[in-house]
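Below is one structure; the comments refer to it alone.
Every number here is computed from the coordinates shown, using simple stated rules; none is lab data. Just so you know, these numbers come straight off a predicted model, no measurement behind them.
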Amino acid sequence: MSGIEHLWAVVPAGGAGTRLWPLSRAGSPKFLLDLTGGGRSLLQETVHRLAPLVGDRVLVVTGAGHRAQVVDQLPDLPPRRVVGEPSPRDSMAAIGLAAALVEREDPDAVIGSFAADHVITRRDAFEQAVSVAAEVARDDWLVTIGIHPTEPATAFGYVRQGAALSGHPGAFVVEEFVEKPSLEVARSYVASGDYRWNAGMFVVRPRVLLDLLATWHPDFAHALRALAADPDRLDEVWPTLPRIAIDHAVAEPAAAAGRVVTVPADLGWDDIGDFHSLATVLAGSSLGAGLQVLGDAEQVLAEDSTGLVVPGGDRLVALVGVDDLVVVDTPDALLVTTRARAQDVKQLVDRLGDSGRADLR
């Protein structure tokens, strides 16, 4: 299946998912895990979701230490389409290198960048939004797919939507990108109807992305194109690249210059950023009212309890009279917290390193 002509998918597969510890570890990050109970890892589900749009035109960028696992999970993808970063350099380097590689292989290409660890439940809406974004991108716009906010979230950045873009129904000029807001500000954003969640989905011609990068970071853009021309220099050049997110390097200044467009969409999107959001995603898989289970439900016994349980083996997990509890049982670590404190799990992971238990991270 060829999908949309000249459309390529770039899939950044990075991050340790520390707020999902002890499920997600440095050696087995969340994008390699099945966190929905659907039988596919988040990475596999992402590539499967993109197949009708791009066919086999997929490029995955991941850490060198995870490259072999990614290749194993995607047997239909040629290994040369999996790029291993020697070290983390944030999203601009990863997406920029992929853009430079695609630019050389397909000068007429449009790329879409879609994170490996996000969940999208409304497939038809996703395909429609990407199709619109690809058409807009052919006119040399940097396009972001803006997610319809379902709540005043403080864990995401936002995109402020402006006037409709002439000639492209469903697309709007981006006024600005804004950082993660306070709860009060987030409520005002949602109430206004002018803001969308920034999920980091960008659709753009590789040439346009790299030329925009060259406007503010000319040496960076030059280095990426040079690497694409001579990939054998990756280990040498990679550590010299700036460590900066694509939002700060390109999207924010490009929006200020009037070069960014958004295609708003309601995709049933979630980044599964912590156990609170994982419980929300699993809401359809319940054991009793209000209790979600990821794994073997027969290993969970609950009475008048709500929350999330991830059983990890032969041990029975029993809950009585507790609300919004999170219990994650693994062979070498047991986590007990609440959905309200799910964001704080990252602090425990930081303390593991400080206390000499980095083997558990």
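Assorted remarks:
- By DSSP, the beta bridges lying fully in the chain are antiparallel in about 45 percent of cases.
- Separation of alpha-carbon centers, region 342-361 and region 106-173, rounded to whole Å: 35
- Gyration tensor verdict on region 147-305 (Cα atoms; rounded if a/c is under 1.5, prolate if a/b is larger than b/c, oblate otherwise): oblate
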